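Reviewing the structure listed below.
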Amino acid sequence: MTAPDPTGEAAAARGADRALRAAARHSAGRLTAASLCSMAAAGAALAEPAVLGHTLDLLLRQDPAGARWTGWCAAVIAAEVLLDAATARLSGGVDARSTAWLRRLGLARLLRTAPHHAARHSPGDLSARLTAQATTAGAVPAAAVSAVVALLAPLGSLVALILVDVWTALAFLAGIPLLALLLRAFARDSGASVSRYQEVQLAMAGRLVEALGGARTIAAAGTAEREQARVLDRLPELGAEGRRTWRIYGATMARTSALMPLLLYVVLGVGGVRLAEGAVGVGGLLAAVRYAGLAAGVGAVTGRLAAVVRGRAAARRTAALFELPELPQGKRRLPGAGPGTLELRGVRVVRAGTVLLRDVDLRIPGGVTAAVVGRSGSGKSTLAAVAGRLTVCDAGLVLLDGVPLDELSGEELRREVGHAFERPALFGEGVADAITFGGGPAPGPEAVRAAARAAGADAFVRRLPEGYDTALADAPMSGGELQRLGLARAFCRAGRLLVLDDATSSLDTVTAREVERALARDVRPGTRLVIAHRVSSAARADLVVWLDAGRVRATGTHAELWRDPDYRAVFGEGPEPAGEPAAEAVAEAAVEAVAEAAVEPPGTEAVR
């Protein structure tokens, strides 16, 4: 088992404290108002015993001023109640604002980092950090202020108790050192236990989300019980840490609850003796007992201290997202009307100690379609991510029309570089929203329909209950239909470089051919970088980039590279006699000829 890193834990604690201080500054106005109300309530609580004691003495002496002081008693009590209510309301607002701020900051950093950095945390882990953990952490600013202010009443009561009668104050002070030791031990022990509890909780949440995401696979494999056991494997550990936390809290509360009444009895006994001696009056004894009760309220700080301890531990989890490095961006723009020439110079990408791309030098002329081929694990998707700056390279440069991508502004980059993926994620209320999703001005309805037609999606979208206005939740789609909408989104905002990362893998041959023809003729002209698995996709490309173990093994046309048996092996083809095309290529060519005839019969070119 790996030993904990004290340096790393200290750094995480400092990062969490910085985040909490920033959250407190975000709600500084409300937090200040809550603090003032709380201090005013503490002042009213401190004034109450003195006013009650003085009023009692006046009433016992039948002094006419007693009636007036009775009104003061009512005013002080009413003020304390109202101020406590205002404090609770303002503190709740601070909790909500601080939680929202932490969530927004964590989510913003998560969306601005490179995908490989975000992938360090599982979806379940991220969900827990941004929901339950952020909520617990968001309560810290108000709880910390509340804990500090909560000390004012006990400390002020001690001073007042000394002023009322020194001997009763000394009797009370005799038990304070023991109380301080109890609170210190509670903060130390509960902090460690809460941290371990939250760590186990996050791990279980991650496993649960993984299981939910793979529910169909689990059902098909008949491993539901095994997955259930895996998700719940750490439940005993979670239960043990939870019980330990509550035992620590309960033991501390029990000890303080036992200590405080004993101190009050001692104060009452000493005060009674002083009353018998005539050193204090009845009102003074009442004030002394009330002040002792307020001073005993220092034990109530335990609950607020527990909230701070839990919140700081949760803040460490949430603040880990704040440490994710942002994807660097510049401020430059691309030269106007550039062809979309893509260059990679000495690009090297290393992830988790594994070299994914090794010193790649590549130039793709503007306006061509380049197919990237290679065996699984050769670095195709990494090359696509680097070319579109969805990730950064550890060495080298990526340039578009002569401008390094890391110098482009985020708006310029996403306007001129489009992406389509194998498993697109759709966002928005309806189908049209999913197609227009992206920064900048939204395309109009005609542009949306044109993009859908180019992606082969228009026909099935129009069959939906409300067409393009159909809610995504009411539009069950196959994998191929999802890919078509993903392609339509990319086509709708196509710039001078369009990266298709296996974005047609779920399309049938006829639809794939339709998409490729539309891409060549109907979508904004530019450079296309296509991650290809089909022979036909490579054959129709202007240029083929052959990757092997993270290196560019060769570039050229498909016909030129096909002579190499290793290249044919990429597509599952073995050696072939000279002059005879591969059987798969022949079959695909025949199918596509039929498909093309079905898609575009002779004589329809003029109609288009």
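Looking only at segment 346-370, filter to residues that are free of Cβ contacts under 8 Å to residues at least 24 places away in the same chain and not in a loop (DSSP other than H, G, I, E, B); which one of those is nearest to residue 118 (Cα to Cα)?
Per the criteria, the residue is 354.
So in segment 390-419, with the set limited to residues that are out of contact with any strand residue (DSSP E or B) (no Cβ under 7 Å at 6 or more places or on another chain) and on the phi > 0 side of the Ramachandran plot, which one is surrounded by the most Cβ atoms within 10 Å (Cβ to Cβ)?
The qualifying residue surrounded by the most Cβ atoms within 10 Å (Cβ to Cβ) is 401.
With respect to residue 503, is the statement that it is buried (at least 20 other Cβ atoms within 10 Å of the Cβ) and out of contact with any Ser or Thr (no Cβ under 9 Å at 6 or more places or on another chain) true?
On the way: buried (at least 20 other Cβ atoms within 10 Å of the Cβ): yes; out of contact with any Ser or Thr (no Cβ under 9 Å at 6 or more places or on another chain): yes.
Criteria met by residue 503.
Output the number of residues of segment 532-546 satisfying the condition of being surrounded by fewer than 24 Cβ atoms within 10 Å (Cβ to Cβ), in contact with an Asp or Glu (Cβ under 9 Å, 6 or more places away or on another chain) and closer than 20 Å to residue 417 by Cα.
0
Identify all residues within segment 204-238 that are without any contact (Cβ under 8 Å) to a residue 40 or more places away in the chain and of a type in the set (Val, Ile, Thr); write none if there are none.
Selection gives 217, 218, 223, 231.
Among the candidates 444, 438, 418, single out the residue that is out of contact with any Lys or Arg (no Cβ under 9 Å at 6 or more places or on another chain) and either hydrophobic (A, V, I, L, M, F, W, C) or within 30 Å of residue 460 (Cα to Cα) (or both). Even if it seems obvious, please write down each step before you answer.
Numbers: 438 fails: out of contact with any Lys or Arg (no Cβ under 9 Å at 6 or more places or on another chain); 418 fails: out of contact with any Lys or Arg (no Cβ under 9 Å at 6 or more places or on another chain).
Residue meeting the stated conditions: 444.
Given the conditions (1) modelled with pLDDT under 80; (2) part of a helix (DSSP H, G or I); (3) not basic (Lys, Arg), report the number of the one that residue 143 does not fulfil.
(1)
Quick check on residue 562: is it in contact with a Ser or Thr (Cβ under 8 Å, 6 or more places away or on another chain) and modelled with pLDDT of 85 or more?
Numbers: in contact with a Ser or Thr (Cβ under 8 Å, 6 or more places away or on another chain): no; modelled with pLDDT of 85 or more: yes.
Answer is no for this residue.
Looking only at segment 71-128, count how many residues are closer than 30 Å to residue 352 by Cα and either β-branched (Val, Ile, Thr) or in the same structural domain as residue 356 (by TED's automatic domain parsing) (or both). Show your work before the answer.
Initial filter on segment 71-128 (closer than 30 Å to residue 352 by Cα): 102-128.
So of that shortlist, the ones also either β-branched (Val, Ile, Thr) or in the same structural domain as residue 356 (by TED's automatic domain parsing) (or both) come out as 113.
Here the count works out to 1.
As an exercise: evaluate residue 432 against (1) within 27 Å of residue 531 (Cα to Cα); (2) touching a strand residue (DSSP E or B) at 6+ places or on another chain (Cβ under 7 Å); (3) surrounded by fewer than 24 Cβ atoms within 10 Å (Cβ to Cβ); (4) small (Gly, Ala, Ser) and give the number of the one condition it does not meet.
(2)
Within segment 547-566, take every residue that is within 35 Å of the chain's Cα centre (by Cα) and buried (at least 20 other Cβ atoms within 10 Å of the Cβ) and give me the one that is nearest to residue 386 (Cα to Cα).
Within segment 547-566, the subset within 35 Å of the chain's Cα centre (by Cα) is 547, 549-551.
Still in the list and also buried (at least 20 other Cβ atoms within 10 Å of the Cβ): 547, 550.
Numbers: 547: 14, 550: 13 Å.
Top of the filtered list is 550.
Take the residues in segment 95-134 that are of a type in the set (Ser, Thr, Tyr) and buried (at least 19 other Cβ atoms within 10 Å of the Cβ), then tell me which one is farthest from the chain's Cα centre (by Cα).
Residues of segment 95-134 that are of a type in the set (Ser, Thr, Tyr), as a first pass: 98-99, 113, 122, 127, 131.
Of the ones still in play, those that are also buried (at least 19 other Cβ atoms within 10 Å of the Cβ) are 98-99, 113.
Details: 98: 15, 99: 12, 113: 11 Å.
Top of the filtered list is 98.
Criterion first (under 30 Å from the mean Cα position of the chain (by Cα), at negative phi, modelled with pLDDT of 85 or more and crowded, with 24+ Cβ neighbours inside 10 Å) does residue 471 satisfy it? Can you show your working first?
On the way: under 30 Å from the mean Cα position of the chain (by Cα): yes; at negative phi: yes; modelled with pLDDT of 85 or more: yes; crowded, with 24+ Cβ neighbours inside 10 Å: no.
Against the criterion (under 30 Å from the mean Cα position of the chain (by Cα), at negative phi, modelled with pLDDT of 85 or more and crowded, with 24+ Cβ neighbours inside 10 Å), residue 471 does not qualify.
Can you tell me which of 349, 372 is within 29 Å of residue 505 (Cβ to Cβ), in contact with a Ser or Thr (Cβ under 6 Å, 6 or more places away or on another chain), of a type outside the set (S, T, N, Q) and modelled with pLDDT of 85 or more?
Numbers: 372 fails: in contact with a Ser or Thr (Cβ under 6 Å, 6 or more places away or on another chain).
Testing whether each residue is within 29 Å of residue 505 (Cβ to Cβ), in contact with a Ser or Thr (Cβ under 6 Å, 6 or more places away or on another chain), of a type outside the set (S, T, N, Q) and modelled with pLDDT of 85 or more leaves just 349.
The values are calculated or read from the model by the stated rules, or taken from the named source; none is laboratory data. Here the structure is a predicted model, which is why all the values come from computation and not from measurement. Neighbour counts run over all protein chains shown; Cβ positions are idealised from the backbone, glycine included.
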